[in-house]
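Participant: So that we are looking at the same thing, I have put the structure below in structure tokens.
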Amino acid sequence: MKIIKVKDIQALNKKAAYLVASQIIEKPNCVLGLATGSTPIGTYQELIKLYNDDIIDFKEVITFNLDEYIGLPNTNPQSYAWFMNRHLFDFINISDNNVHIPNGMAEDIGKECMEYEDQIKKVGGIDLQVMGIGRNGHIGFNEPDVMFENLTHVVELDEQTILDNSRFFNSLEDVPKRAISMGIKTIMNARKILLLATGEKKTEIVHEMIYGRISSNVPATVLQLHPNVIVLVDEAAGKLIKEG
Ligand code: F6R
């Protein structure tokens with residue numbers, strides 16, 4: 001793992017955006033894996049700036065999101081499809097055909113999961129997967145006790161995750177209990193991974209992800225086995241990381 005520690009969230013957003021931008025410049029038709037949540041919002045804002053400044057072009061870029069709630073249509077402001085439009089896609093020249101987000105309203109969810117994997121395979125796999133980390137060590141919606149062999153699949157959300165995500169909903173009861181998520185194997189198949197973490201709430205889990213024993217109880221520890229991971233943290237999230 002390559003660890004990059006920066007001063008604050010602003011610096012992290014810029015650096016993350018530059019890393020994504022360099023992937024797009026190097027391969028204009030690259031396949032990006034994208035995440036929702038609070039962490040990447042600032043990075044998406046910086047990417048929009050780079051697009052407006054003509055430094056990057058999304059015309060040929062293909063994207064696959066990590067996950068989506070089951071039961072929320074893409075017109076629901078809490079859906080991840082809505083999130084991606086609001087925070088990134090509405091502001092760049094990406095083609096609708098190149099955007100992929102699991103369909104949480106699919107009639108046959110099992111088939112939807114299999115087709116999602118097929119689509120990733122068909123475009124040659126993910127070049128760069130951008131993601132955050134949950135306080136319980138989840139990546140995507142791969143919760144503790146996950147099977148490392150999983151491809152895209154249906155997940156029962158962990159209590160901690162439902163609680164953490166309830167801040168975006170009117171009440172705890174409104175938070176969907178199931179989601180579709182890329183599996184650990186899908187994520188590990190990405191050629192490069194950029195994991196972002198900010199703030200004190202992530203300090204301990206970031207430390208465990210890097211130095212802890214690899215265990216399905218802390219899904220992010222599996223990233224220790226990936227040959228090309230950048231962990232980009234601000235000072236607060238990286239407080240327990242040893243220097244050098
Ligand atoms: C989002 C996702 C989740 C989040 C994680 C951290 O698509 O897959 O794993 O990355 O829950 O969320 P934030 O960034 O809100 O702390």
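The numbers here are math on the coordinates, done by the rules we state, and not lab data. The model shown is predicted, which means the values in this text are computed figures rather than measured ones. Glycine also receives a Cβ, built like all others from the backbone with ideal geometry; neighbour counts cover every protein chain displayed.
Participant: Within the range 74-98, track down each residue that is surrounded by 19 or more Cβ atoms within 10 Å (Cβ to Cβ), touching a Leu at 6+ places or on another chain (Cβ under 9 Å) and of a type outside the set (Gly, Ala, Ser).
Facilitator: Matches in the range 74-98: Tyr80, Met84, Leu88, Ile94.
Participant: Are any residues in the range 147-174 outside any helix (DSSP H, G or I) and polar (S, T, N, Q), and if so, which ones?
Facilitator: Hits for the range 147-174 are Asn150, Thr152, Asn170, Ser171.
Participant: I would also like to ask the following. For the range 184-203, give me the residue count where each residue is in contact with a Leu (Cβ under 8 Å, 6 or more places away or on another chain), in a loop (DSSP other than H, G, I, E, B) and more than 12 Å from the ligand (Cβ to nearest atom).
Facilitator: Looking only at that region, the number is 2.
The rows are residues; the columns are (1) touching a residue at least 40 places away in the same chain (Cβ under 8 Å); (2) over 19 Å from Lys177 (Cβ atoms); (3) assigned to a helix (DSSP H, G or I).
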| position | (1), (2), (3) |
| --- | --- |
| Ala16 | yes, yes, yes |
| Gln23 | yes, yes, yes |
| Leu32 | yes, yes, no |
| Thr36 | yes, no, no |
| Leu50 | no, yes, yes |
| Thr75 | no, yes, no |
| Met84 | yes, yes, yes |
| Met105 | no, no, no |
| Glu112 | yes, no, yes |
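Participant: Applying the selection to the range 36-85, what residues are under 15 Å from the mean Cα position of the chain (by Cα), aliphatic (A, V, I, L, M) and under 17 Å from Cys113 (Cα atoms)?
Facilitator: Leu66, Ala81
Participant: Please pick out the residue among Leu196, Leu163, Leu157 that is free of Cβ contacts under 8 Å to residues at least 40 places away in the same chain, touching a strand residue (DSSP E or B) at 6+ places or on another chain (Cβ under 7 Å) and of a type outside the set (Gly, Ala, Ser).
Facilitator: Only one candidate qualifies: Leu157.
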